[in-house]
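Since every read-out is calculated from the coordinates, none of them should be taken as a lab result. Bear in mind the structure is a predicted one, so any value in this text is a computation, not a measurement. Every residue, glycine among them, receives a Cβ derived from its backbone with ideal geometry; neighbour counts consider all protein chains shown.
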């Protein structure tokens, strides 16, 4: 893995950790619907992680309070998994295509590059 790839993996892991922290805060405080929404003031986490969860539908906002939408969180997680699988399949297809092209070129006597 390149340095850029390693840095990206670290950033993704940190962002997922921040999202899990927010989910845990909301669960532990019983914020599971609009009536039990809580303020997240005073908690240390990345604001971007909260924004991703809200935009993805896993966390709902009511005024300046938030609550965990379990169904929305499952849907958001499923969407992410599917997106990751599609990306992996696309990379595999590209790699197979490149390998096939290179092996075909080598088998035909290979043109000089």
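Between residue 61 and residue 16, how high is the FRET efficiency from 1/(1 + (r/R0)^6) when r is the Cβ-Cβ distance and R₀ = 22 Å? Nearest 0.05. List each step's numbers first, then the result.
On the way: r = 21 Å, r/R0 = 0.93.
Once the sixth-power term is evaluated, E becomes 0.60.
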Problem set entry | Order of 67, 100 - criterion: other Cβ atoms within 10 Å of each residue's Cβ, fewest first | 100, 67
Exercise. Quick one, what does Rg over Rh come out to for the chain if you take C-alpha atoms and the Kirkwood Rh?
Worked result: 1.26
Problem set entry | Using alpha-carbon coordinates, inclination of helix 3-28 to the longest axis of the chain, degrees | 20
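State the extension gain, in nm to one decimal, for the chain segment bounded by residue 41 and residue 80, taking 0.36 nm per residue of separation less the distance between their alpha-carbons. Don't skip to the end; give the middle numbers.
Numbers: separation 39, 0.36 × 39 = 14.04 nm, distance 2.76 nm.
Length gained, residue 41 through residue 80: 11.3 nm.
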Exercise. In degrees from 0 to 90, rounded to the nearest 10, what is the angle of the helix 70-107 Cα long axis to the longest principal axis of the chain?
Worked result: 10
Problem set entry | Rg and Dmax [Cα atoms of the stretch 50-113; Å; Rg one decimal, Dmax integer] | 22.0, 69
